[in-house]
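Only one structure is covered here, and it is reproduced in the block below.
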Amino acid sequence: MWKKWFSRSEPGEHNNYDKINHEKLPRHIAIIMDGNGRWAQRKGLPRALGHRAGAEALRGIVKAAAEMGIQALTAYAFSTENWRRPADEVQLLMSLLADYLDNEINELHQNNVQIRFIGNIDGLAPGLQKKIEKAQAQTAHNTGLILNLAVNYGARAELLRAVKIIAEKAVHKELALQDINESIIEENLYTAGLPAPDLLIRPSGDYRISNFLLWQMAYTEFWFTDINWPDFKPVHLVQAVYEFQQRERRFGGIKNTKKR
Ligand code: IPE
Ligand code: IPE
Ligand code: MG
């Protein structure tokens with residue numbers, strides 16, 4: 001099993017782990033893993049090394065989220081717009097993903113993590129698709145943390161896909177217009193069956209959604225930090241969860257509305 005992270009915060013680090021209310025954990029945390037390029041640039045390193053360090057950061061955060069007892073973690077790894085980057089950078093990101101699966105899958109499996117992918121997986125190279133299918137199948141029955149990796153993911157593409165699936169059913173009279181409701185839309189998103197994210201974390205000092213989980217984040221709490229993703233540590237996850245727990249979620253209601 002993975003060793004405990006929170007009992008051993010680094011010297012000088014302020015760790016709020018003891019203050020976390022384990023009865024009030026976010027069920028689902030979404031993370032935009034941003035800032036790899038800037039991390040590298042600040043160190044005078046090539047962007048590639050930023051991405052490698054970013055993959056390391058993900059390893060640590062997955063362990064931390066599992067230890068904390070989070071149900072689902074959705075990490076944005078590659079967007080539908082990231083194809084606009086230079087071909088060699090795209091290639092590197094894809095091979096890092098393949099390496100992540102090769103190197104981590106057994107450990108994830110041993111730790112009861114269920115790995116899922118969201119996004120247009122059919123648009124990835126066949127070899128990577130095979131690894132993804134294998135990883136999903138191997139861990140499908142695990143009951144611990146759901147690690148949801150968003151790859152070739154765009155929220156607009158996800159909604160468009162859902163609209164097409166629903167429209168097709170309507171055209172074939174399998175679904176009546178009056179029966180199309182929010183649940184039907186949710187059932188046709190990649191995230192079907194998962195609770196909406198309670199908390200979104202975006203590192204690196206940018207304050208935008210970048211086409212991530214647009215439908216699902218209608219009532220998500222946002223937490224931003226200037227730290228770049230490769231420097232994001234379990235203590236930062238703890239801090240985000242701690243601050244999340246101080247917030248009052250109203251869902252359009254008034255103070256003390258209990259629904260979540
Ligand atoms: C996030 O880091 C990784 C991906 C988007 C795949 P970036 O590469 O976007 O890093 P910055 O934003 O340039 O610093
Ligand atoms: C969002 O980061 C996508 C991922 C982290 C995978 P970007 O770096 O692509 O977002 P923008 O372009 O700054 O909005
Ligand atoms: Mg970026």
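Of note:
- Checked against the criterion of being assigned to a helix (DSSP H, G or I) and either touching a residue at least 40 places away in the same chain (Cβ under 8 Å) or touching a helix residue (DSSP H, G or I) at 6+ places or on another chain (Cβ under 7 Å) (or both), the stretch 180-199 contains one or more residues that satisfy it.
- Any chance ALA48 is away from ligand 3 (no atom under 12 Å from the Cβ), out of contact with any Pro (no Cβ under 6 Å at 6 or more places or on another chain) and either more than 19 Å from ASP198 (Cα to Cα) or hydrophobic (A, V, I, L, M, F, W, C) (or both): yes
- Just one residue in the set VAL113, VAL90 is at pLDDT 95 or above, of a type in the set (Val, Ile, Thr) and within 16 Å of ligand 1 (Cβ to nearest atom); that residue is VAL90.
- Filtering the stretch 76-92 to residues that are within 14 Å of ligand 3 (Cβ to nearest atom) and among the aliphatic types (A, V, I, L, M) leaves ALA77, VAL90.
- Contact map, the stretch 200-225: first residue under 16 Å from PHE244 (Cα atoms) and within 15 Å of ligand 1 (Cβ to nearest atom), second residue assigned to a loop (DSSP other than H, G, I, E, B) and small (Gly, Ala, Ser), Cβ cut-off under 6 Å, separation 6 or more or different chains; pairs are PRO203/GLY35.
- Hits in the stretch 32-84 (condition: more than 16 Å from ligand 2 (Cβ to nearest atom), more than 15 Å from the chain's Cα centre (by Cα) and either over 22 Å from ILE146 (Cβ atoms) or part of a strand (DSSP E or B) (or both)): LYS43, GLY44, LEU45, PRO46, LEU49
- Annotation: of all residues in the stretch 140-166 being assigned to a helix (DSSP H, G or I) and not charged (D, E, K, R), the one that is surrounded by the most Cβ atoms within 10 Å (Cβ to Cβ) is ALA155.
- Scanning the stretch 206-216 for residues that are within 12 Å of ligand 2 (Cβ to nearest atom) and either acidic (Asp, Glu) or touching a Ser or Thr at 6+ places or on another chain (Cβ under 8 Å) (or both) gives ASP206, SER210, ASN211, PHE212, LEU213.
- Being touching a Phe, Trp or Tyr at 6+ places or on another chain (Cβ under 7 Å) and assigned to a loop (DSSP other than H, G, I, E, B) holds for only one residue in PHE251, PHE244, and it is PHE251.
The values are calculated or read from the model by the stated rules, or taken from the named source; none is laboratory data. All of these numbers come straight from a predicted model, not from anything done at the bench. Cβ sites come from the backbone with ideal geometry, for glycine too, and all protein chains shown count toward neighbours.
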